[in-house]
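Notes follow once the structure below has been shown.
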Amino acid sequence: RVRPGGRKATEWLLSKADFTPSTRVLEVACGTGTTSMDIVKKYGCHVEAVDLDERALAVARKRAQEAGLAEKIAFQQANAMALPFTDASFDVLINEGMLTVLPPAGKAKCIQEYLRVLRPGGVLLTQDICRKQDKAQKEDGLLTAEDWQSFMQQQGLKSIEILRGELLLMSLDAIVEDEGWQQTARILQKAVQPENMARWQEIYHTFQKARQTEGFIAMASRK
């Protein structure tokens, strides 16, 4: 689960939208479908879910089928900068852990596309990585919470609510909360295999170091 603020941030985001069974929802960069399935289970609405990675989508479709949710979630391959939906199609759009990796122009293009497919008054729910102000290093390209808020306002979003906290990527507690003990054990078992050990250690130490200067930001904004 690539969620900078983990399940805590996702649950906070979902609490900021008024979901009903008829709410029209789009998840962009859905990965293996965790958040989409959580929305369907909790609120009973239909979800459109898109991702560029067809392998992740194959896993997501299988998971939804096994959970009996396949009729409620439509997974398809699509680019966040060119969504295959008509204007004002959705009440809620959620996008987690993706905008951070894009350059400024890419971020802006995605947000404009999100605004295009959201109805007037629709809600945009995002969570990403932000740079802690007290450890500011402008050259790293990361945005502070204030930068994120200013950026969203420049794109035309309003009523921006913010939740900030410690970065939870590659945190064992967050992995257990997201994956459960059984799946966490499988992940760790794969991580200690010789062909995976070096890469796993590199990723782990990268995020351990990142926690000194970076945190997460979740934002609930309105069109």
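Of all residues in the range 1-15, those satisfying the criterion of being open to solvent by 60 Å² or more (accessible area, probe 1.4 Å) and of a type outside the set (Gly, Ala, Ser) are Arg1, Val2, Lys8, Glu11. In this entry, Ile73 passes the filter for residues that are among the hydrophobic types (A, V, I, L, M, F, W, C), touching a Ser or Thr at 6+ places or on another chain (Cβ under 8 Å) and within 29 Å of Gly106 (Cβ to Cβ). Counting the residues of the range 16-29 that are open to solvent by 50 Å² or more (accessible area, probe 1.4 Å) and not β-branched (Val, Ile, Thr) gives 5. Listed conditions (1) out of contact with any Asp or Glu (no Cβ under 8 Å at 6 or more places or on another chain); (2) more than 17 Å from Leu124 (Cα to Cα); (3) of a type outside the set (S, T, N, Q) are all met by Asp87, apart from (2). Within the range 30-48, being open to solvent by 10 Å² or more (accessible area, probe 1.4 Å), outside any helix (DSSP H, G or I) and over 16 Å from Arg7 (Cα atoms) holds for Gly44, His46, Glu48.
Among the residues of the range 26-45, at least one is among the acidic types (Asp, Glu) and in contact with a strand residue (DSSP E or B) (Cβ under 8 Å, 6 or more places away or on another chain).
Just a yes or no: is a residue in the range 59-74 within 28 Å of Pro120 (Cβ to Cβ) and of a type outside the set (Lys, Arg)? Checked against the condition, which is being within 28 Å of Pro120 (Cβ to Cβ) and of a type outside the set (Lys, Arg), the range 59-74 yields at least one hit.
The values are calculated or read from the model by the stated rules, or taken from the named source; none is laboratory data. If you're wondering where the values come from, they're calculated on a predicted model, not measured in any experiment. No Cβ is skipped: glycine too gets one built from the backbone with ideal geometry, and neighbour counts run over all protein chains shown. Areas reflect the complete protein model, heavy atoms only, side chains present, ligands, DNA and RNA absent. Shrake-Rupley method; radii C 1.70, N 1.55, O 1.52, S 1.80 Å.
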